[in-house]
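S.K.: Structure incoming, see below.
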Ligand code: SF4
């Protein structure tokens, strides 16, 4: 891992009402070693050279503390949108753990995106934050099939381990669910797999699943993805080119039918899938440093 210095850490977000109700965003690491074949964060528009090399923001905790101490609005801080904050280096450097300590100290809420069961190490802090503000954990799971997850997400624990982690978090009272994003056309868009994943979500205590039933493809990300299709899924690259051309939003071919199947399964098991319902279910209203009411 390399180290870089950050100038600022927290960014105020404008789209929170549409995306998990988050108020601020932060990335404690730049780059990610998990090598998911579809990773949008390696797109050239983000200007991150050597995306697979992790760069830890060495001064992030001191800057975060300064920023948190000055903010009046005790909102929810999103972590890990651009790189998985529970990469293997986090075991040693504990930057994410340090940030959770500060979030707890200053009574903010947190929203974490991850694919790693290393998050279980920090259950004590998630519980502490949850007692005073809002916590949501979003595990990305794209397939119920461990062998397939190892191919498409090679450097992080397999889907079944992520489901076990969801169970542990849920049993600890943490609001946790699944981001079934992306759904890879012709690979992870099988009806039976979607049904299985919703059932497993229910059995492991997930409160929600969110999906847009497709993937994005653009500069650099597309090149890397196509290279991996050639390696592991012979002939699929040509099928993508024929079907999607150079489109950015690549929604699965039978979107309407699959989304209905997905919604029916979620309703059958009582799992939330609409963004507004997810936000309503987890986010507490905080004014000043007090938790006033639940929605
Ligand atoms: S875990 Fe997320 S950021 Fe890391 S490679 Fe996979 S998709 Fe990209």
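S.K.: When the chain is modelled as a GNM with alpha-carbon springs shorter than 10 Å, which of 16, 109, 80 fluctuates the most?
M.R.: Greatest mean-square fluctuation among the candidates belongs to 16.
S.K.: Can you give the angle from 0 to 90° between the axis of helix 221-232 and the longest principal axis of the chain, with both taken from C-alpha atoms, to the nearest 10?
M.R.: Orientation of helix 221-232: about 50 degrees from the principal axis.
S.K.: Now a separate question. With N set to the residue count of segment 1-79, report its C-alpha Rg divided by 2.2 N^0.38 Å to two decimal places.
M.R.: Computed over Cα atoms of segment 1-79, the ratio equals 1.21.
S.K.: Kindly put 112, 95 in sequence by how many other C-beta atoms sit within 10 Å of each C-beta, fewest to most.
M.R.: 95, 112
S.K.: To the nearest 0.05, how large is the calculated FRET efficiency for residue 231 and residue 49 if R₀ is 25 Å and r is the Cβ-Cβ distance?
M.R.: Efficiency at R0 = 25 Å is approximately 0.65.
S.K.: Can you give the Rg to Rh ratio of segment 65-149, both from alpha-carbon atoms, with Rh computed by the Kirkwood formula?
M.R.: 1.01
S.K.: Working from Cα positions, state the angle (0 to 90°, nearest 10) between the long axis of helix 159-171 and the longest principal axis of the chain.
M.R.: Roughly 30 degrees, rounded to the nearest 10.
S.K.: Right, something else. With every atom except the alpha carbons ignored, what do you get for Rg and Dmax of the chain, in angstroms?
M.R.: 18.8, 57
S.K.: With the crude spin-label approximation of a point 7 Å out along Cα→Cβ, what separation in nm comes out for residue 260 versus residue 69?
M.R.: According to this spin-label approximation, the distance is 5.8 nm.
S.K.: Could you work out which residue, out of 47, 210, 34, moves most in a Gaussian network model of the chain, that is, has the largest mean-square fluctuation with Cα springs under 10 Å?
M.R.: 47
S.K.: What's the angle, to the nearest 10 degrees (0 to 90), between helix 123-132's Cα axis and the longest principal axis of the chain?
M.R.: 60
S.K.: Given the rule -39500 (n - 2.57) for each run of at least 4 DSSP H residues, summed and divided by the residues of the chain, what is its mean residue ellipticity at 222 nm, to the nearest 500 deg cm²/dmol? Present the calculation step by step, with values, prior to reporting the outcome.
M.R.: Numbers: 11 runs with 113 residues, N = 295.
Dividing the helical sum by the residues of the chain leaves -11500 deg cm²/dmol.
S.K.: Then there is this: Roughly speaking, what is the centre-to-centre gap between segment 110-159 and segment 42-103 when only Cα atoms are used, to the nearest Å?
M.R.: Result: 16 Å between the Cα centres.
S.K.: If each residue's Cβ is checked for other Cβ atoms within 10 Å, how do 44, 170 rank with the fewest at the top?
M.R.: Ascending Cβ contact count within 10 Å gives the list 44, 170.
S.K.: If you don't mind, there's one more thing I want to ask. List the relative contact order of the chain as a percent without decimals, with contacts defined as Cα pairs under 8 Å and 6+ residues apart.
M.R.: Relative contact order here is 18 percent.
S.K.: Which residue, 101, 195, 234, has the most motion in a Gaussian network model of the chain that connects Cα atoms within less than 10 Å?
M.R.: Answer for the Gaussian network model of the chain: 234.
S.K.: What ranking do 30, 162 get, fewest neighbouring Cβ atoms within 10 angstrom at the top?
M.R.: Fewest-to-most ranking of 30, 162: 30, 162.
Each reported figure results from applying straightforward, stated rules to the coordinates on display, with no laboratory input. Given the structure is predicted, the values throughout are model-derived calculations rather than measurements. Positions of Cβ are generated from backbone atoms using ideal geometry, with glycine treated the same way; all protein chains shown enter the neighbour counts.
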